Amino acid sequence: MLLFYRLPGGEKFTLVPTLRSPKGWFNGIIPAAAVAGKSLQYYFEARDASDKVAGSSGRNDSPNLMIIKAGAPPVG
């Protein structure tokens with residue numbers, strides 16, 4: 001499972017590898033320094049053994065959007 005993110009106005013997505021938790025969830029960490037502005041674009045890709053996309057949530061041409069709220073409590 002791979003996580004890709006970019007800031008609004010950015011051209012390229014940055015890859016963040018994910019790790020599977022003991023409960024089976026995939027976790028990826030976006031560096032705090034990369035989170036600026038009011039939103040963040042991201043998507044996930046699952047790849048098969050031949051490195052072909054087997055599933056996704058969002059795409060590079062239609063990413064998910066996360067709203068950034070100043071002063072919100074940290075998570076995690």
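The values are calculated or read from the model by the stated rules, or taken from the named source; none is laboratory data. Here the structure is a predicted model, which means the values were calculated and not measured. Don't worry about glycine lacking a Cβ; one is built from the backbone with ideal geometry, like all the others, and counts go over all protein chains shown. Note: accessible area is taken over every heavy atom of the protein model, side chains too, but ligands, DNA and RNA are not part of it. Shrake-Rupley method; radii C 1.70, N 1.55, O 1.52, S 1.80 Å.
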Residue tally, condition open to solvent by 40 Å² or more (accessible area, probe 1.4 Å), in a strand (DSSP E or B) and either within 21 Å of VAL75 (Cβ to Cβ) or touching a Ser or Thr at 6+ places or on another chain (Cβ under 8 Å) (or both), over segment 3-23: 5
The one condition in (1) among the charged types (D, E, K, R); (2) surrounded by 13 or more Cβ atoms within 10 Å (Cβ to Cβ); (3) farther than 14 Å from LEU3 by Cα that ASP61 fails to fulfil: (2)
Residues (touching a residue at least 12 places away in the same chain (Cβ under 8 Å) and within 14 Å of MET1 (Cα to Cα)) located in segment 21-58: PHE26, GLY28, ILE29, TYR42, TYR43, PHE44, GLU45, ALA46, ARG47, SER56, SER57, GLY58
Members of segment 64-76 that are open to solvent by less than 80 Å² (accessible area, probe 1.4 Å) and either touching an Asp or Glu at 6+ places or on another chain (Cβ under 6 Å) or assigned to a strand (DSSP E or B) (or both): ASN64
Residues of segment 24-52 satisfying the condition of being exposed (fewer than 10 other Cβ atoms within 10 Å of the Cβ) and outside any loop (DSSP other than H, G, I, E, B): ALA32, ALA33
